Amino acid sequence: MARNKIALIGSGMIGGTLAHLIGLKELGDIVLFDIAEGIPQGKGLDIAQSSPVDDFDANLVGANDYSAIEGADVVIVTAGVPRKPGMSRDDLLGINLKVMEQVGAGIKKYAPGAFVICITNPLDAMVWALQKFSGLPKNMVVGMAGILDSARFRYFLADEFKVSVEDVTAFVLGGHGDSMVPLARYSTVAGIPLPDLVKMGWTSQEKLDQIIQRTRDGGAEIVGLLKTGSAFYAPASSAVQMAEAFLKDKKRVLPVAAHLSGQYGVKDMYVGVPVVIGAGGVERVIEIDLNKSEQKQFEASVASVAGLCEACMNIAPNLK
Ligand code: A3D
């Protein structure tokens, strides 16, 4: 059986990390694409030269022409610009929307059968635009954000409780932005929901609220520290988990930015919700019951994503 082919559109900080992780996990052959000449070729060669040391087999090719991604099984998109300190994700919209138009055309022409994972910010609006520009089926185009947001939440909780990250599950809904909705009652330590852990004296409600706020600000905290760009290790790991769920038909239940066509009362938008990912892409959108306060927060988050989609349509009327 031939190896899977994974195309990375954008070979910057996340793209390079993705290529390395995909190589180490032997998920398939890798094409690194970028408009910058030499970067994808150089990163590809460097990672290929690590393969004899780390014992993995993968062809790594760098390219500046979309024809190199032909027939890819998975395409992961990080092309565009990241945030600098003081910028919000939404400030990236104008530049990155134009990038999505080019990327969408490239995928449409050369990899129309691929499972496409978008990471470019502002995430929920960019994945929505990318699906429209590419014309690929909606269940085959998803955005990565929820796994990263919930991984941040899990990490902070594990640190607070002094337990293994493996035993902490966390649930984050909504758009990938300041209005994301971390759901405490669906987040657990070994199945014990967070509100029960507060009652048991493991932590206080005040501390839990601080952790929730730190999760919401998780991206900005890293941008503030790095100063020259945004997070890349954890975003890359999160996207690889999605790619692996598709390639191995794992039917994983993961929070992703998925196309909604009525679920949660939302139509024709991408918003972070739990889904099942397998060989069919997004095979099922899971609808959970929200209480009044969660519903209100979710609606506020959806409204901010809707505003971004509106802004996209003003720039690119063909998205309507
Ligand atoms: P960076 O290291 O700048 O890499 C972006 C790459 O895209 C660069 O190598 C550029 O040359 C390339 N590029 C620019 N325009 C084009 C184009 N038209 N076609 C092809 N390639 C192009 O950024 P990064 O890897 O750190 O981040 C990439 C994106 O991910 C940014 O938009 C970030 O904001 C976003 N991001 C999202 C998350 C989420 O959780 C959703 C987390 C972290 C970063």
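Only the coordinates and a few stated rules stand behind these numbers; no lab work does. Keep in mind the model is a prediction, meaning the values are calculated, not measured. All Cβ positions, even for glycine, are placed from backbone atoms using ideal geometry, and neighbour counts span all protein chains on display.
How many lysine pairs are close in region 5-144, with Cα atoms under 20 Å apart and the two 8 or more places apart or on different chains?
13
What is the extension gain from LYS296 to ILE35, computed as 0.36 nm multiplied by their sequence separation minus the C-alpha to C-alpha distance, in nm to one decimal? Please list the in-between numbers first.
Numbers: separation 261, 0.36 × 261 = 93.96 nm, distance 4.17 nm.
Full extension of this stretch gives 89.8 nm more.
Let me know the charge dipole size of region 5-144 about its Cα centre in debye, to the nearest 20, where only the beta-carbon of Lys, Arg (+1) and Asp, Glu (-1) is charged.
580
Rounded to the nearest 0.05, what FRET efficiency do GLN205 and VAL165 give with R0 = 25 Å and r taken as the Cβ-Cβ distance? Could you check?
Details: r = 22 Å, r/R0 = 0.89.
It comes to 0.65.
Please find the FRET efficiency linking ALA105 to SER50, where r is the Cβ-Cβ separation and R0 is fixed at 25 Å, and quote it to the nearest 0.05. Write down the numbers at each step before the final one.
Details: r = 33 Å, r/R0 = 1.32.
In this case the efficiency is close to 0.15.
Would you mind finding the longest exposed-site-free stretch of the chain, with exposed GluC sites (Glu not before Pro) meaning DSSP loop and at most 16 other Cβ atoms within 10 Å?
Numbers: sites that count: GLU26, GLU37, GLU70, GLU287.
In the chain, the maximal stretch lacking such sites is 71-286.
For region 132-224, which trypsin sites (Lys or Arg not before Pro) pass both filters: DSSP loop (anything but H, G, I, E, B) and at most 11 other C-beta atoms within 10 Å?
Values: sites: LYS132, LYS138, ARG152, ARG154, LYS162, ARG185, LYS199, LYS207, ARG214, ARG216; in loops: LYS162.
Listed in order of number, the matching sites are LYS162.
Run the count for region 146-313, please: Lys pairs, Cα-Cα under 23 angstrom, 8 or more apart or on different chains. Provide the component values of the computation, followed by the final result.
Values: LYS162/LYS199; LYS162/LYS207; LYS199/LYS207; LYS199/LYS292; LYS207/LYS292; LYS207/LYS296; LYS267/LYS292; LYS267/LYS296.
So the count of such lysine pairs works out to 8.
Please report how far the C-alpha centroid of region 60-131 lies from that of region 257-320, rounded to the nearest whole angstrom.
Result: 19 Å between the Cα centres.
Tell me the Rg and the Dmax, in Å, that the Cα atoms of the chain produce.
Cα radius of gyration and Dmax of the chain are 19.1, 58 Å respectively.
Given an 8 Å cut-off on Cα distances and at least 6 residues of separation, report the relative contact order of the chain as a percent. Please list the in-between numbers first.
On the way: 649 pairs, mean separation 54.8, N = 320.
Rounded, it is 17 percent for the chain.
How much space per residue, in cubic angstrom, does the convex hull of the C-alpha atoms of region 59-142 take up? Please report the intermediate quantities before stating the final value.
Details: hull volume 7.8 nm³, N = 84.
Taking the convex hull of the Cα positions in region 59-142, it is 92 Å³ per residue.
When the dipole is taken about the Cα centre of the chain, and only Lys, Arg (+1) and Asp, Glu (-1) are charged at their Cβ, what size is it in debye, to the nearest 20? List each step's numbers first, then the result.
Working: 30 positive and 35 negative charges, 101 e Å.
Dipole of the chain, to the nearest 20 debye: 480 debye.
Could you give the spread of the C-alpha atoms of region 99-167 along their three principal axes, from largest to smallest, in whole angstroms?
That gives 50, 22, 15 Å along the principal axes, largest extent first.
Any idea which of ILE14, PRO85, SER51 is furthest toward the positive side of the dipole for region 5-144, if Lys and Arg beta-carbons carry +1 and Asp and Glu beta-carbons -1?
The one lying farthest along the dipole's positive direction is PRO85.
Where the convex hull is taken over the Cα atoms of region 117-238, what is its projected area averaged over directions, in nm²?
Numbers: hull surface 33.2 nm².
If I average the Cα hull's projected area over directions, I get 8.3 nm².
From the C-alpha coordinates alone, can you work out the Kirkwood hydrodynamic radius of region 5-144, in Å?
Values: mean 1/r = 0.0670 Å⁻¹.
The Cα-based Kirkwood calculation yields 14.9 Å.
Quick one: P(r) of region 146-313 from all Cα-Cα pairs, 10 Å bins, percents rounded to integers, in order of increasing distance.
Result, from short to long distances: 10, 36, 38, 15, 1 percent.
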